[in-house]
Amino acid sequence: MSIKFLPPLRLLNPSPPVTRFPLMNVGLSINTRRSIPIFSRVFPFKLKYPGFSSRFSTRSFRPGPTGSRPEFTRRTGAERERGEVRSSKSLVEDEAELSDWVSDLRTNSLRGRVTSEDESDSDMGRRNRSKRGPGRDRDSGSNRGGGREGFSMKRRRESDSDEFGEPTRRRTESTFGPPRKNRGTLGLQNEKRGQGERDLWLKRDDKGVKGERGFIDDDDEVDDGEDERKGLMRNLGGLVTEEESDDDDDDDDDDGDNGNGIFEKNALSSTGLKKEFDMKDRPSLSSSSDSFMSETRFDQCSISPLSLKGIKDAGYEKMTVVQAATLPVIVKGKDVLAKAKTGTGKTVAFLLPSIEVVVKSPPLDRDQKRPPIIALVICPTRELATQAATEANTLLKYHPSIGVQVVIGGVRIASEQRNLQANPCQILVATPGRLKDHIENTAGFATRLMGVKVLVLDEADRLLDMGFRKDIEKIISAIPKQRQTLMFSATVPEEVRQICHVALKRDHEFINTVEEGSEDTHSKVRQMHVIAPLDKQFPLLYVILKDHIANDPDYKAIVFCTTARVTGLVAGLLGELNLNIREIHSRKAQTYRTRVSNEFRKSRGLILVTSDVSARGVDYPDVTLVMQVGLPASREQYIHRLGRTGRKGKEGEGILLLAPWEEFFLSTVKDLPLTKAPMPSIDPDTKKKVERALSQLDMNSKQAAYQAWLGYYNSQKKVGNDKYRLVELANEFSRSMGLDTPPAIPKLVLGKMGLRNIPGLRTK
Ligand SMILES: Nc1ncnc2c1ncn2[C@@H]1O[C@H](COP(=O)(O)OP(=O)(O)OP(=O)(O)O)[C@@H](O)[C@H]1O
């Protein structure tokens with residue numbers, strides 16, 4: 001048996017010294033049976049599937065090899081200064097604050113505080129807002145984390161009107177010559193894409209999700225500022241925590257298990273250390289090295305017969321690579337941090353074992369006043385949460401006694417409360433802000449959460465970034481420590497590895513299905529960049545989209561923009577240019593977002609113009625092109641956005657449109673096969689057409705876009721550091737919208753941005 005070890009560099013890659021995570025120290029006595037070391041050293045991962053490392057690696061994080069108190073490394077003052085490893089500090093800064101929060105919950109929950117069913121969401125929202133102070137709200141839509149939308153202090157309600165009416169599909173001529181089949185947008189090979197994908201947007205009316213509409217009321221729009229939080233991730237380097245959860249770590253180290261078929265050898269030895277893995281034990285992969293499918297069938301794993309029936313009905317026979325790699329480990333009860341490329345079936349990978357935990361739990365007693373929630377799935381966006389709940393319902397087809405519900409921002413909390421009471425569920429899918437609202441305001445909810453046995457953080461790196469982490473910490477403090485935690489993402493930057501102890505046990509497995517030396521993106525997705533000054537970008541966007549449409553009548557494109565307001569502007573422009581577009585961003589009502597999302601899922605011949613609310617996880621089948629206009633907030637965000645195409649091993653195309661001064665971004669993705677595209681030409685007619693369309697756009701939308709643009713780039717260190725240059729660039733953007741004079745910005749907003757008295761800005 002040949003055993004491959006990972007390169008020494010990686011073996012010498014311990015996490016930073018970690019201290020006891022203060023959150024875990026607060027009044028939750030439940031299931032805490034042992035004291036936890038104050039410091040622990042996270043040991044290098046172990047290769048779990050030797051010889052298989054080229055396909056995926058798995059790392060086990062453990063205390064010292066002898067089980068002794070782990071060592072820790074002291075940091076020098078200089079290191080601290082550089083912020084390489086910051087001293088252990090929760091984002092919930094005051095430990096006492098968190099402690100009070102939790103004990104308050106307990107008291108209220110035990111008292112059975114009743115929230116009036118008539119209490120409107122807005123009332124509650126107001127109350128919460130005032131409690132949290134301005135700028136603290138999340139799912140209820142405050143502007144947080146640096147004012148991605150120009151620091152507007154107040155969110156506006158938006159009507160739920162469809163601005164674009166019926167599709168206006170029009171065949172257009174290709175800028176690069178006559179319409180060509182089998183040619184990419186920018187002249188590259190473009191084969192016909194697979195058709196007839198199963199429509200996964202199944203609805204089950206007998207379950208909590210009831211499609212989307214069942215839970216979504218019409219009249220309350222609040223946006224959760226998802227856009228506004230992006231971009232913070234990159235700053236995590238300076239905010240890395242050393243804290244560690246103080247979970248027990250040996251209970252899960254059970255000695256192998258009984259019936260996990262092919263994965264039997266993956267058992268842990270009685271010492272808690274892994275046995276080496278034999279090549280023949282690894283899940284075999286389908287013949288194509290690029291395939292996301294494995295050769296392992298679901299029935300080869302210890303899954304309940306009813307779940308297997310559900311899987312079969314869903315059309316799944318074999319596991320995807322990430323499912324085959326994680327399922328056996330998860331069903332043994334281990335905590336798992338898993339990395340797998342976009343569109344490769346991570347949702348099923350965490351839902352299926354979570355369902356199995358519910359199956360093994362005592363059945364729900366309908367008369368129980370506060371039936372426990374057993375599996376808690378947290379997703380960063382509403383669309384993603386709804387999608388995960390829908391997938392759960394698909395898998396639960398033959399488990400009529402297991403219920404799923406979703407709680408997300410933008411929906412009346414009172415209606416969610418009614419549903420939670422009327423249809424007790426064992427699986428809850430939630431966005432963080434709304435979940436926290438329920439913990440604080442829904443009678444008996446905190447008690448129900450004490451039944452959680454599995455916590456899932458989907459898009460884990462996102463949920464642990466600064467925009468969400470504080471809420472996640474609070475949520476974690478409200479559920480039992482003795483639980484299994486699963487974290488999944490297509491991107492797991494080192495910073496996240498270092499702070500994952502916020503949620504995971506020390507002995508968790510890191511299962512990385514991205515082949516060693518391979519990119520984080522799919523080889524079947526052609527990636528190109530176009531560098532052009534701002535004044536050329538709108539015409540270029542139009543030309544590229546038109547060319548794509550001409551090449552592929554079955555096109556389905558997504559255009560990502562930097563902020564919600566810029567998205568609104570671009571959507572307006574492309575609509576004015578008679579392209580068949582829809583728009584989704586956080587400034588749109590949730591009902592509208594849901595409707596558009598569903599429509600786009602089913603459609604062809606449509607362009608979705610969106611902010612980063614659609615960047616992660618959303619599974620739109622057969623997207624042919626992903627365009628990213630302007631600086632992506634981070635390398636991770638670039639990868640997730642691109643991942644909306646090329647799902648399930650299909651082909652796709654990605655084009656990144658940057659200004660020359662944004663070219664520095666390319667260095668952050670230089671390991672990805674991103675090539676320079678031939679510069680499309682803009683004929684004078686096209687130029688005029690775009691100018692005319694711009695002139696038709698509402699001034700308010702231009703003003704809002706300008707302010708948002710300024711806010712976004714101000715928050716991007718590389719651009720925002722030089723305020724003078726930033727303002728010059730913003731005014732260039734303003735001119736690109738056809739404005740001779742840049743719009744005025746309220747003084748207060750400029751003050752918040754740190755841009756007062758910068759020449760070139762107009763104030764009001
Ligand atoms: N075993 C399977 N066989 C075939 N298709 C599958 C299987 N498991 C999942 N899928 C399908 O694969 C697609 C992508 O799955 P999913 O959305 O979970 O990907 P993901 O890895 O979570 O992507 P992202 O990183 O973008 O969130 C979905 O349409 C899903 O139904």
If you scan segment 488-517, which residues turn out to be within 16 Å of the ligand (Cβ to nearest atom) and out of contact with any His (no Cβ under 8 Å at 6 or more places or on another chain)?
PHE488, SER489, VAL492, PRO493, VAL496, ILE511, ASN512, THR513, VAL514, GLU515
Within segment 667-678, is there a residue that is open to solvent by less than 50 Å² (accessible area, probe 1.4 Å), away from the ligand (no atom under 16 Å from the Cβ), in a helix (DSSP H, G or I) and of a type in the set (S, T, N, Q)?
no
So which residues in segment 460-494 are at pLDDT below 95, assigned to a loop (DSSP other than H, G, I, E, B) and of a type in the set (Gly, Ala, Ser)?
none
Is it fair to say GLU651 is within 16 Å of the ligand (Cβ to nearest atom), open to solvent by 10 Å² or more (accessible area, probe 1.4 Å) and over 28 Å from GLY720 (Cα atoms)?
yes
Among (1) within 16 Å of the ligand (Cβ to nearest atom); (2) not in a helix (DSSP H, G or I) - the single one ARG601 does not satisfy
(2)
Residues (more than 16 Å from ALA704 (Cα to Cα) and open to solvent by 30 Å² or more (accessible area, probe 1.4 Å)) located in segment 714-739:
SER715, LYS717, LYS718, ASN721, ASP722, LYS723, TYR724, ARG725, GLU728
Flag for TYR620 being in a helix (DSSP H, G or I) and under 18 Å from CYS561 (Cβ atoms):
no
If a residue counts only when it is under 24 Å from ILE476 (Cβ atoms), which strands (runs of 3 or more DSSP E) contained entirely in segment 301-409 have at least 1 such residues?
336-339, 375-378, 404-407
Given (1) surrounded by 24 or more Cβ atoms within 10 Å (Cβ to Cβ); (2) farther than 25 Å from GLU732 by Cα, number of the condition GLY630 does not satisfy:
(2)
In segment 387-405, which residues are within 16 Å of the chain's Cα centre (by Cα) and open to solvent by less than 10 Å² (accessible area, probe 1.4 Å)?
ALA388, ALA389
Options LYS360, LYS334, LYS369, LYS346; residue that is within 16 Å of the ligand (Cβ to nearest atom) and not β-branched (Val, Ile, Thr):
LYS346
Name the residues in segment 614-648 that are over 17 Å from the mean Cα position of the chain (by Cα) and near the ligand (Cβ under 9 Å from one of its atoms), would you?
PRO621, LYS648
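The values are calculated or read from the model by the stated rules, or taken from the named source; none is laboratory data. Computed from a prediction, not measured in an experiment: that's the story for all the values here. Neighbour counts run over all protein chains shown; Cβ positions are idealised from the backbone, glycine included. The accessibility values were calculated without ligands, DNA or RNA, using every heavy atom of the protein model including side chains. Shrake-Rupley method; radii C 1.70, N 1.55, O 1.52, S 1.80 Å.
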